[in-house]
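Worksheet for the structure shown next.
What follows draws every value from the coordinates through simple rules; no lab data is involved. Everything numeric in this text was worked out from a predicted model, so none of it was measured. Backbone-built Cβ (ideal geometry, glycine too); neighbour counts: all protein chains shown.
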Amino acid sequence: MASDPPPPTTILPPLSEKKENVIPISSKITEISESRQELLNKIQNLKQDLQSWRSKLDNQVKVYRDELSELKKTLNVEVDQLRLDFQELRINLQQQQEEVTDSLKNLGLKDIPAETDADGPQVENKEGKEVDLVKEDNGEGAKS
């Protein structure tokens, strides 16, 4: 009969070696725990910084929006005022043009009809006859 081989023997390190191995592992665990806590603290600080930054940015955006809104309102008011001013100016110019036209009519000047071949503006003299104010060929004044 064949005999069974003897069971393998496990060689255990002496007890003093186990204690030396345990101490560095526990110190490593403590070191890792401290590092982890430091990282968590840094992350928390970064989160707080980010929140603070967002808050400041939100406030600044709100301030800029308010300023833009006020500028827009001011611009609209000024544009409306300019429109009114230009409308008043247009009305004043039309009134002045009508007044000048009326004054010229009162002085005896007439509009030149488009069909006539007049040399220049005409005016009625005291006898009611129309006379040219400008003579094209020699540049002399009104003829009688």
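A compact table of results
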{"read-out": "Pairs of Lys in segment 18-110 closer than 17 Å at Cα, counting only those 8 or more apart or on different chains", "value": "5"}
{"read-out": "Net +/- balance of residues flanking Leu84 in space, Cβ distance below 13 Å, scoring K and R +1, D and E -1", "value": "-2"}
{"read-out": "Top positive-direction residue, dipole computed over segment 18-110 with Cβ charges, set Ser26, Asn76, Leu93", "value": "Ser26"}
